[in-house]
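Asker: Quick one: this structure, given as structure tokens, is what I'll be asking you about.
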Amino acid sequence: MRKVIVKSSIELTRDQKTKLELGLNVAESEIDYIIDEGLIGGIAILDGDKILDATAAQDLIDMKKVADKLISDSLKKGIAVKDIPALLKENSKDIVESQLDFKVCGKVISAADGVVHIDGLSDCCYNELLLIGNKAYALAMNLTTNSIGAILLSGTAVEYGDIAYSTGKIIEVPVGDALLGRVIDPLGNALDGRPAARTDISRRIEFPAPSIVDRSKVKESLSTGILAIDAMIPIGKGQRELIIGDRQTGKTSLAIDSIINQRGKNVICIYVAIGQRAAAVSKIVKTLEEYGALSYTIIVLSTASDSAPLQYIAPYTGSAIAENFMYAGRDVLIVYDDLSKHAVAYRTISLLLKRPAGREAFPGDIFYIHSKLLERAAKLSKELGGGSTTALPIIETQAGDIAAYIPTNVISITDGQIYLEGELFKAGQRPAVNVGLSVSRVGGSAQTKLMRNLSAQMRLDIAHYRELAVFSQFGSSLDESTKEILNYGAKIVESIKQAECSPLSTLKEELYLFAIVNKYLKKVPQNKVHEFLEAYYNYIIMQEAEICRRIDESGELSAEDEVKLKKTTSDYVSAYK
């Protein structure tokens with residue numbers, strides 16, 4: 001027997017039911033009348049696989065579509081934002097009358113584990129935002145001939161038979177200066193206990209990356225304040241530099257130090273936490289606040305307890321917020337912590353949607369979801385304002401295996417990687433950077449001329465030291481020159497150790513490198529290296545203030561200034577005890 005379900009916001013009268021049954025021609029059919037207050041008004045008819053919707057909820061969605069198009073067309077014509085309300089009022093009759101009596105909608109045929117399958121909605125697009133009932137939102141991910149697979153973005157319960165509406169929109173999130181200093185979820189809702197950020201600007205989380213002609217060369221340094229990074233693995237504005245290493249090797253600390261170092265440098269910072277513990281992120285927020293970095297930072301948080309769909313869209317939300325600043329001509333640093341958990345969240349979604357699984361059960365487009373995200377980081381051309389987004393994605397390895405599936409994927413997308421080694425971390429090296437496996441494909445073009453000249457020699461010295469240190473383990477007798485290289489190499493390694501949350505200025509890094517590369521640490525005991533360098537820096541900026549000013553402004557050291565600086569440094573070393 002044919003079964004028809006009629007949903008209404010209030011109970012229908014006997015006359016209404018009689019007219020409805022005559023109009024539907026439901027002879028020899030069973031009709032169930034259900035009251036659903038969520039429909040706001042009107043009725044919805046579920047006849048087998050077909051849904052006829054004449055509810056107020058659908059009307060409101062359709063009216064919003066017409067109003068949105070009117071606003072978009074008006075802005076393209078140059079109509080001022082302040083005149084939009086009057087324009088909507090003037091056209092309100094057209095907006096309302098544009099609706100039809102009935103719409104064909106979709107019906108939920110199954111819902112489990114945050115995934116819903118919907119019959120109908122033949123005009124639905126990939127990644128379109130769907131409204132289920134009048135409260136639950138879902139993201140269309142699978143488009144097949146007869147149904148749609150979607151992932152729920154909210155915790156609202158969804159049941160079999162619920163009506164699904166297409167909104168014709170991609171997910172948008174609020175953007176702008178109002179978000180600075182805030183903690184939000186991937187949908188833009190406040191998580192810091194404060195009122196929602198007031199902003200009239202929103203942006204799609206999915207957006208095409210800038211084309212080749214829209215980009216300019218990456219040649220301006222983004223200083224992290226970490227000597228080992230800025231000297232040997234420099235990062236430029238617009239670059240994508242991967243931070244990779246095992247668990248508990250200091251990956252997040254390195255990223256947070258980079259954010260703290262942007263204070264007073266007119267760089268907006270965005271920290272995207274994907275699948276992190278809420279307590280760990282709370283600690284990060286307190287650290288940023290303590291060092292005065294929260295005021296220019298936005299935190300997008302998707303905790304480990306959040307659903308896989310929310311963890312999946314989190315980095316795209318962060319990227320959308322960053323792009324708003326970038327296209328306004330500003331510089332942005334965005335940290336994705338971490339993309340390993342993002343890949344796992346996407347794998348979970350794909351398996352629930354019954355997509356074909358590939359290597360390590362990841363779907364075939366796992367490379368694409370990371371490449372389309374990271375390609376959005378760029379240094380824009382002057383014609384587009386010259387803004388930049390610098391991305392620091394983080395990847396967690398297992399037992400130091402950087403040749404695993406997800407690590408190799410992201411390495412091939414990024415412009416270099418900073419590899420943090422577990423053994424170095426256990427040996428007390430902070431940050432535990434493995435210079436041999438770390439690389440920046442931007443290189444010296446993102447450094448000052450002085451830093452470039454000094455760091456080239458430093459990298460060679462460390463490489464030589466590491467090589468000799470390995471061979472020295474096999475023999476007891478070493479000649480004096482080898483002992484000297486090993487002794488000084490150990491001091492260089494000691495000099496690049498750095499405590500957390502203590503970034504160095506570019507001038508300080510350059511003066512440190514000057515002393516290190518020119519062998520002024522020879523007579524300094526290894527355990528006194530940091531004490532010597534700090535005292536040396538203070539002495540130089542007092543004795544050679546004019547030289548320091550020129551270095552700070554130009555990033556270069558003239559031959560005349562170099563002679564003076566060497567003499568002053570030699571005098572200080574001779575007097576140092």
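Read the figures in this text as sums done on the coordinates, not as results from a lab. In this text the structure is predicted, and so the values were computed from the model without any measurement. Neighbour counts are summed over all protein chains in view; Cβ atoms, including those assigned to glycine, are modelled from backbone coordinates with ideal geometry.
Asker: Given the -39500 (n - 2.57) contribution per DSSP H run of 4+ residues, what per-residue ellipticity at 222 nm results for the chain, rounded to the nearest 500 deg cm²/dmol?
Answerer: So the calculated ellipticity at 222 nm is -12000 deg cm²/dmol.
Asker: Then there's this: List ILE492, ILE551, ILE366 from most exposed to least, where exposure is judged by having the fewest other Cβ atoms within 10 Å.
Answerer: ILE492, ILE366, ILE551
Asker: Could you check what % of the DSSP bridge pairs in the chain are antiparallel, to the nearest 5?
Answerer: Counting DSSP beta bridges with both partners in the chain, the antiparallel share is about 55 percent.
Asker: Under 12 Å from the Cβ of ARG441, count the other residues' Cβ atoms, weight Lys and Arg +1, Asp and Glu -1, and hand me the total.
Answerer: Within the 12 Å Cβ shell, the charges total -1.
Asker: For the chain, with only Lys/Arg (+1) and Asp/Glu (-1) charged at the beta-carbon, what is the dipole magnitude about the Cα centre, in debye rounded to 20?
Answerer: 1200 debye
Asker: With a sphere of radius 11 Å drawn around the Cβ of ARG355, what net charge do the other residues whose Cβ falls strictly inside it have (Lys, Arg +1; Asp, Glu -1)?
Answerer: +1
Asker: Taking 26 Å as the cut-off for C-alpha to C-alpha distance, list the pairs among LYS169/LYS283; LYS219/LYS564; LYS372/LYS497; LYS251/LYS491; LYS107/LYS372; LYS219/LYS372 that go past it.
Answerer: In this structure, LYS169/LYS283; LYS219/LYS564; LYS372/LYS497; LYS107/LYS372 exceed 26 Å between Cα atoms.
Asker: Something else about it: Go from 0 up to the bin containing the longest alpha carbon distance in region 451-575, width 5 Å each, and give me the % of pairs per bin.
Answerer: P(r) over region 451-575, rounded to whole percents: 2, 10, 20, 21, 19, 14, 7, 4, 2, 1.
Asker: Neighbour counts of other C-beta atoms within 10 Å: give me CYS501, CYS548, CYS125 arranged from fewest to most.
Answerer: Listing CYS501, CYS548, CYS125 from fewest to most nearby Cβ atoms yields CYS125, CYS501, CYS548.
Asker: Which of the aspartates and glutamates could a cross-linker span from LYS522 if the Cα-Cα distance has to be under 18 Å and same-chain partners fewer than 8 positions apart are dropped?
Answerer: Those aspartates and glutamates meeting the cut-off are ASP461, ASP479, GLU480, GLU484, GLU494, GLU531, GLU534, ASP571.
Asker: Relative contact order for the chain: what is it in percent, counting Cα pairs under 8 Å that are at least 6 residues apart?
Answerer: 12 percent
Asker: Continuing with the same structure: List ARG330, ARG359 from most exposed to least, where exposure is judged by having the fewest other Cβ atoms within 10 Å.
Answerer: ARG359, ARG330
Asker: With contacts defined as alpha carbon pairs under 8 Å and 6 or more residues apart, what's the relative contact order of region 451-575 in percent?
Answerer: It comes to 27 percent, rounded to a whole number.
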